[in-house]
1. Can you go through PRO371, PRO305, PRO313 and tell me which one is within 16 Å of ligand 2 (Cβ to nearest atom) and more than 30 Å from ARG64 (Cβ to Cβ)?
2. Inspect the stretch 81-92 for any residue being in a loop (DSSP other than H, G, I, E, B) and either more than 16 Å from ligand 1 (Cβ to nearest atom) or assigned by TED's automatic domain parsing to the domain that holds HIS383 (or both) and give the result as yes or no.
3. So which residues in the stretch 117-174 are in a helix (DSSP H, G or I), free of Cβ contacts under 8 Å to residues at least 24 places away in the same chain and over 30 Å from GLY267 (Cα atoms), if there are any at all?
4. Quick one: is ILE382 within 29 Å of THR349 (Cα to Cα), surrounded by 21 or more Cβ atoms within 10 Å (Cβ to Cβ) and touching an Asp or Glu at 6+ places or on another chain (Cβ under 6 Å)?
5. Looking at GLU82, is it at pLDDT 95 or above and farther than 20 Å from THR349 by Cβ?
6. Looking for something within 15 Å of ligand 2 (Cβ to nearest atom) and out of contact with any strand residue (DSSP E or B) (no Cβ under 8 Å at 6 or more places or on another chain) - is there at least one such residue anywhere in the stretch 383-401?
7. Check SER438, SER377 and return the single one that is under 20 Å from PHE133 (Cβ atoms), at pLDDT below 95 and small (Gly, Ala, Ser).
8. Those residues that are free of Cβ contacts under 8 Å to residues at least 24 places away in the same chain and either within 15 Å of ligand 2 (Cβ to nearest atom) or assigned to a loop (DSSP other than H, G, I, E, B) (or both), I need them from the stretch 101-116; list them, please.
Amino acid sequence: MTIASVDRTIRLIKTGAAAGSTCSPDLAAGPWEFDSGTPGYGPGSSMGDVLPTGSPRQGALPERYRLATTEELGERIRAAKETLGDRVVVLGHFYQRDEVLQHADFVGDSFQLAQATKSRPDAEAIIFCGVHFMAETADLLSTPDQAVILPNLAAGCSMADMADIDSVTDCWEQLEDLYGTEPDADGRVPVIPVTYMNSSAALKAFCGEHGGIVCTSSNAETVLEWAFARGRRVLFFPDQHLGRNTAKAMGIPLEHMPMWNPRKPLGGSTADELGDAEVILWHGFCSVHKRFTVDQITAARLEHPDVRVIVHPECPMAVVDAADEYGSTDYIKKAIEAAPAGSTFAIGTEINLVQRLAAEHPEHTIFCLDPVICPCSTMYRIHSGYLAWVLEALVGTAEQPAEVVNRITVDQKVAGHARVALERMLAARPPAALPAGSTSSTGTGA
Ligand code: 13P
Ligand code: SF4
């Protein structure tokens with residue numbers, strides 16, 4: 001794999017050896033600097049958000065990992081993986097830093113990684129280099145004997161934390177008071193809950209228990225079709241932007257998509273607005289993707305008149321509308337792979353993926369719409385020091401017996417229902433009516 005280290009870029013900017021800017025020069029430090037201090041999302045784009053109480057806390061990383069160089073850690077990771085062989089599988093999300101991702105056996109978007117989990121039932125341990133909700137999903141889809149390990153427990157997701165089970169249950173009760181619970185003449189219930197993969201297992205379980213389903217950015221339209229076949233409207237959480245962008249592409253008018261802000265009575269909407277609703281959008285967003293703006297697209301087009309602008313559907317609607325195309329991380333990757341040499345791309349998604357795609361495709365010009373280097377600060381908490389630590393713990397030594405550290409286990413009380421919602425998603429297929437070759441959850445800007 002081509003190393004396109006965002007970490008190195010940030011260090012160079014910090015020391016003045018490279019031009020450019022970063023949202024937080026503190027990101028050049030080891031994440032353990034922050035894990036041991038005030039608990040929070042750490043420096044970077046999500047810093048303003050509030051970490052919920054009860055979130056997992058990462059303990060201190062032993063000094064031998066904190067003081068090691070990137071090269072030493074790389075050697076140790078390779079050696080431990082070789083010793084463990086097929087007993088372990090390392091999964092890595094596209095947004096993961098390259099020093100870690102180069103050791104992954106599978107690299108993909110959240111949907112592909114959920115599928116990859118099921119493809120290796122023989123592995124004793126699944127090491128998930130992503131964020132907490134992805135590791136929980138892996139635990140739900142793996143066998144009971146497999147241990148899912150998140151190398152740094154502080155690798156959460158600020159968007160996932162914007163919807164919690166108490167607020168969603170409260171919202172649901174208010175919607176039941178408003179709409180009742182009886183199906184219509186076609187057998188469709190008043191509301192179907194749909195949760196984005198970026199949510200806790202408790203919310204996935206809520207969906208499983210209430211006739212709902214999970215979606216990812218690569219299948220959101222297929223999942224909404226599934227939901228509308230069973231319900232008159234959808235409650236979509238936690239990402240308002242993915243919900244709005246997908247529903248809009250399906251032809252649902254904006255005035256039929258009221259917002260639900262859990263801090264306001266009736267979510268801040270009127271009973272009439274909720275009566276007309278087709279999709280009720282939870283007031284959540286991704287701190288990384290909300291940085292992208294229409295002005296950045298205008299500037300890219302001015303500088304590169306032939307530029308192709310592709311953004312992730314977690315971006316605000318105005319940005320998706322101004323782009324040429326939008327789609328999941330895998331869609332973006334495949335669009336670049338399929339383009340004729342000499343193409344120019346401005347990409348609106350996380351910088352680790354954009355910088356890697358630029359390094360892997362020297363035949364194209366590829367740049368991030370946001371000129372400020374600002375990674376997903378939570379996924380960035382997984383450093384190669386933590387990966388080396390969890391792998392070497394699995395190997396063990398003469399003094400230290402082998403052990404599983406940082407295991408992610410979903411509570412049995414929610415696991416059954418959460419699996420139902422995930423399996424519904426894995427089984428959902430685009431409606432047969434879609435023209436051949438069309439891809440769900442991707443589209444062209446207005
Ligand atoms: P993908 O589903 O496209 O992998 O996105 C996951 C994510 O967290 C985007 O912010
Ligand atoms: Fe969460 Fe945004 Fe990071 Fe994705 S990019 S894991 S939505 S904070």
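The values are calculated or read from the model by the stated rules, or taken from the named source; none is laboratory data. All figures in this text were calculated on a predicted structure; none of them were measured in a lab. Virtual Cβ from ideal backbone geometry, glycine too; neighbours counted across all protein chains shown. Only protein heavy atoms, including side chains, enter the accessible area calculation; ligands, DNA and RNA are left aside. Shrake-Rupley method; radii C 1.70, N 1.55, O 1.52, S 1.80 Å.
1. It is PRO313.
2. No, the stretch 81-92 contains no residue that is in a loop (DSSP other than H, G, I, E, B) and either more than 16 Å from ligand 1 (Cβ to nearest atom) or assigned by TED's automatic domain parsing to the domain that holds HIS383 (or both).
3. The answer is SER119, and nothing else.
4. Considered against the rule, which asks whether it is within 29 Å of THR349 (Cα to Cα), surrounded by 21 or more Cβ atoms within 10 Å (Cβ to Cβ) and touching an Asp or Glu at 6+ places or on another chain (Cβ under 6 Å), ILE382 comes out as no.
5. yes
6. No, the stretch 383-401 contains no residue that is within 15 Å of ligand 2 (Cβ to nearest atom) and out of contact with any strand residue (DSSP E or B) (no Cβ under 8 Å at 6 or more places or on another chain).
7. SER377
8. Across the stretch 101-116, the qualifying residue is only ASP105.
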